[in-house]
Amino acid sequence: MLTVKKGSKSFYVGESESAPLAEMIFSTDKNIITIEHTFVSDELRGQGAGRQLLQMLADWVRAENKKIVAVCPFAKKELTRSTEYDDVLYHFPN
C-alpha cells in the first residue's frame, strides 16, 4: 500500500504536493468536492495508486460530510463501478 498524503488541492503520493508521483487534484465549492484530474507516473502504474487516491479522498469527503462530483474520466468511472461510493456522490437536481 502506498502512502497517500492530503495537500491543499490534491491527494498525492510522493515527497511533495508540487512534485507528486501520483495525484488526484480536486477543487472545493461549499459542500461539493470536484475531482478535476488524476495522474499516476509510469513508476507507480499498475499498483492501484489511482484507486488508493480515490479511496482516501472519499474517506475525507465522508468525514467532512461533503459530496463528490467527478470531471476526471478515471474518477467518474471508478465512482460508478460499484455501490461503494454511492453515499458520497452528488446527485444534480432534476
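Just so it is clear, none of the values below were taken in a lab; they were calculated from the coordinates. None of these values were measured; they are calculated from a predicted model. Glycine also receives a Cβ, built like all others from the backbone with ideal geometry; neighbour counts cover every protein chain displayed.
Across region 1-41, what is the total count of residues that are assigned to a loop (DSSP other than H, G, I, E, B), in contact with a strand residue (DSSP E or B) (Cβ under 6 Å, 6 or more places away or on another chain) and aliphatic (A, V, I, L, M)?
3
Any residue in region 57-78 that is within 17 Å of Gly14 (Cβ to Cβ), touching a strand residue (DSSP E or B) at 6+ places or on another chain (Cβ under 7 Å), crowded, with 19+ Cβ neighbours inside 10 Å and not hydroxyl-bearing (Ser, Thr, Tyr)?
Yes.
Looking at this structure, is Ala49 in contact with a helix residue (DSSP H, G or I) (Cβ under 9 Å, 6 or more places away or on another chain), buried (at least 20 other Cβ atoms within 10 Å of the Cβ) and among the aliphatic types (A, V, I, L, M)? Working first, answer last.
Numbers: in contact with a helix residue (DSSP H, G or I) (Cβ under 9 Å, 6 or more places away or on another chain): no; buried (at least 20 other Cβ atoms within 10 Å of the Cβ): yes; among the aliphatic types (A, V, I, L, M): yes.
Taking the combined requirement at face value, the residue does not satisfy it.
Taking the criterion of being in contact (Cβ under 8 Å) with a residue 24 or more places away in the chain, touching a Gly at 6+ places or on another chain (Cβ under 8 Å) and farther than 16 Å from Leu2 by Cα, would at least one residue in region 77-84 satisfy it?
yes
Got at least one residue in region 68-86 being in a strand (DSSP E or B) and either more than 16 Å from Thr34 (Cβ to Cβ) or more than 11 Å from the chain's Cα centre (by Cα) (or both)?
no
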